[in-house]
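Q: Handing you this structure, nothing more for now.
The values are calculated or read from the model by the stated rules, or taken from the named source; none is laboratory data. Computed from a predicted model, the values in this text were never measured in an experiment. Methodologically, a virtual Cβ is constructed for each residue, glycine included, from the backbone with ideal geometry; neighbour enumeration extends over all protein chains shown.
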Amino acid sequence: MKPPSLHRLPPLEKVSNGRYDAALKTVQDRLAAVQASCIGRRRRAVVAVEGLDAAGKGGFIQRLTAPWDPRFYDVQPIKAPDAEEKAHHYLWRFWQKLPSHGEVNIFDRTWYGRVLVERVEGFASEAEWRRAYDEINAFEKMLVDDGAVLIKLFFTVSQKEQDERLVERLEAPAKRWKVSPEDFRNRLKRDAYVEAAEDMFARTHTPHAPWTIIDGEHKKSARIAALNLVADRLSEGLDLSPPPLSADIVKSARAAFGKKLNLG
């Protein structure tokens, strides 16, 4: 199967500002219904989010989780590994953060740091990051074979738009927390990060764990496209009808409410 490429971005349906609120409500209503079915049917899922700085990852995650019951999802913001994590294989810390049945875990940055930032910044040797492609493919296949849904998204944005967003964040006091020295370090190495991402797509875009590139140039359109993709993938093969009540619940409810209770 042909991997996606940052040099061949898929067409993105533009959502006008006037249509955005209605489109957002529609997809978030879908996501709420899908989460309820995932909980009831005990489906577990991983949403792996990667991308260039200021490409829209955070805004997407915020709107993805907004309609969800917080007891059944978790957002994992991945930072540099600590001393304990460095003492183990680099995938060890991700095993600790995988979802239980009925849960969705969203990874804001992922195990792909080994072949992206660690490769570009020299934190991993060439032998380590080259070996990681096969290790990651095996890790993801184990997840999927064990019944988890795995959705991998990569958000991208042009240099011009990225620069405008960084300036906007610097000039807005309430948004300055979003800016870090790494944003400017990464900006200077954009070509190296794009090259690393292209290699990543070529080596880890698999039938069981495909990549989807989200063109973040138009922020609101990108959000709607990504949210719909997650709703589509989470609901694949999932019975969206309400699960039946267990016999124990029916018995307890009858005892509590008697004939006044209509259970269908």
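Q: Which ranges mark the helices (runs of 4 or more DSSP H) fully within segment 64-143 that have 2 or more residues being in contact (Cβ under 8 Å) with a residue 40 or more places away in the chain and out of contact with any strand residue (DSSP E or B) (no Cβ under 6 Å at 6 or more places or on another chain)? Let's see the steps before the verdict.
A: Numbers: elements: 83-86, 92-95, 117-120.
Passing ranges, in order: 117-120.
Q: Now a separate question. What do you reckon, is Asp199 charged (D, E, K, R) and closer than 17 Å to Arg114 by Cα?
A: Details: charged (D, E, K, R): yes; closer than 17 Å to Arg114 by Cα: yes.
The answer is yes for Asp199.
Q: Please state which one of Val117, Val104 is crowded, with 19+ Cβ neighbours inside 10 Å, over 18 Å from Phe155 (Cα atoms), aliphatic (A, V, I, L, M) and within 19 Å of the chain's Cα centre (by Cα). Explain how you work it out, then say what you get.
A: Details: Val117 fails: over 18 Å from Phe155 (Cα atoms).
Only one candidate passes the filter, namely Val104.
Q: For Ala33, indicate whether it is at pLDDT 95 or above, within 26 Å of Ile224 (Cα to Cα) and not acidic (Asp, Glu). Outline the logic, then answer.
A: Details: at pLDDT 95 or above: yes; within 26 Å of Ile224 (Cα to Cα): yes; not acidic (Asp, Glu): yes.
Yes: the conditions hold for Ala33.
Q: Just name the residue that is farthest from Trp111 (Cα to Cα) out of those in segment 65-96 that are modelled with pLDDT of 95 or more and among the small types (Gly, Ala, Ser).
A: Among residues in segment 65-96 that are modelled with pLDDT of 95 or more and among the small types (Gly, Ala, Ser), the one farthest from Trp111 (Cα to Cα) is Ala66.
Q: Which count do you get for residues in segment 227-264 that are assigned to a loop (DSSP other than H, G, I, E, B), out of contact with any Leu (no Cβ under 7 Å at 6 or more places or on another chain), farther than 30 Å from Ile213 by Cβ and among the hydrophobic types (A, V, I, L, M, F, W, C)? Step through it out loud before you land on a result.
A: Of the residues in segment 227-264, the ones assigned to a loop (DSSP other than H, G, I, E, B) are 236-246, 261-264.
Subsequent filtering for residues that are out of contact with any Leu (no Cβ under 7 Å at 6 or more places or on another chain) retains 236-244, 246, 261-262, 264.
After this cut, where a residue has to be farther than 30 Å from Ile213 by Cβ as well, the list is 239, 241-244, 246, 261-262, 264.
Next, only the ones that are among the hydrophobic types (A, V, I, L, M, F, W, C) stay: 261.
Count: 1.
Q: Which pairs turn up if I take residues in segment 170-189 that are without any contact (Cβ under 8 Å) to a residue 60 or more places away in the chain and basic (Lys, Arg) and look for partners that are surrounded by 12 or more Cβ atoms within 10 Å (Cβ to Cβ) and in a helix (DSSP H, G or I) with beta carbon separation below 9 Å, at least 6 apart in sequence or on another chain?
A: Matching pairs, first to second residue: Lys175/Glu168; Lys175/Arg169; Arg176/Arg169; Arg176/Leu170.
For (1) closer than 19 Å to Glu161 by Cβ; (2) of a type in the set (S, T, N, Q); (3) under 18 Å from the mean Cα position of the chain (by Cα); (4) surrounded by fewer than 16 Cβ atoms within 10 Å (Cβ to Cβ), each residue gets a yes or a no:
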{"residue": "Lys14", "(1), (2), (3), (4)": "yes, no, no, yes"}
{"residue": "Asn17", "(1), (2), (3), (4)": "yes, yes, no, yes"}
{"residue": "Leu31", "(1), (2), (3), (4)": "no, no, yes, no"}
{"residue": "Gln35", "(1), (2), (3), (4)": "no, yes, yes, no"}
{"residue": "Ala45", "(1), (2), (3), (4)": "no, no, yes, no"}
{"residue": "Ala48", "(1), (2), (3), (4)": "no, no, yes, no"}
{"residue": "Ala66", "(1), (2), (3), (4)": "no, no, yes, yes"}
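Q: Is it fair to say Leu153 is closer than 23 Å to Lys97 by Cα and either surrounded by 17 or more Cβ atoms within 10 Å (Cβ to Cβ) or without any contact (Cβ under 8 Å) to a residue 24 or more places away in the chain (or both)?
A: Numbers: closer than 23 Å to Lys97 by Cα: yes; either surrounded by 17 or more Cβ atoms within 10 Å (Cβ to Cβ) or without any contact (Cβ under 8 Å) to a residue 24 or more places away in the chain (or both): yes.
Taking the combined requirement at face value, the residue satisfies it.
Q: Same structure again: Would a scan of segment 178-188 turn up a residue that is within 24 Å of Trp95 (Cα to Cα) and hydroxyl-bearing (Ser, Thr, Tyr)? Working first, answer last.
A: Just the residues of segment 178-188 that are within 24 Å of Trp95 (Cα to Cα), to begin with: none.
Looking for residues that are within 24 Å of Trp95 (Cα to Cα) and hydroxyl-bearing (Ser, Thr, Tyr), one finds none in segment 178-188, hence no.
Q: Okay, moving on. Hey, among Glu13, Glu50, which residue is at pLDDT 95 or above and of a type in the set (D, E, K, R)? So that I can check it myself, show each step before the final result.
A: Working: Glu13 fails: at pLDDT 95 or above.
Of Glu13, Glu50, the one residue that is at pLDDT 95 or above and of a type in the set (D, E, K, R) is Glu50.
Condition check ((1) closer than 26 Å to Leu9 by Cα; (2) in contact with a Gly (Cβ under 7 Å, 6 or more places away or on another chain); (3) buried (at least 21 other Cβ atoms within 10 Å of the Cβ)) across all residues:
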{"position": "Phe60", "(1), (2), (3)": "yes, no, yes"}
{"position": "Val75", "(1), (2), (3)": "no, no, no"}
{"position": "Lys79", "(1), (2), (3)": "no, no, no"}
{"position": "Ala87", "(1), (2), (3)": "no, no, no"}
{"position": "Gln96", "(1), (2), (3)": "no, no, no"}
{"position": "Arg131", "(1), (2), (3)": "no, no, no"}
{"position": "Asn137", "(1), (2), (3)": "yes, no, no"}
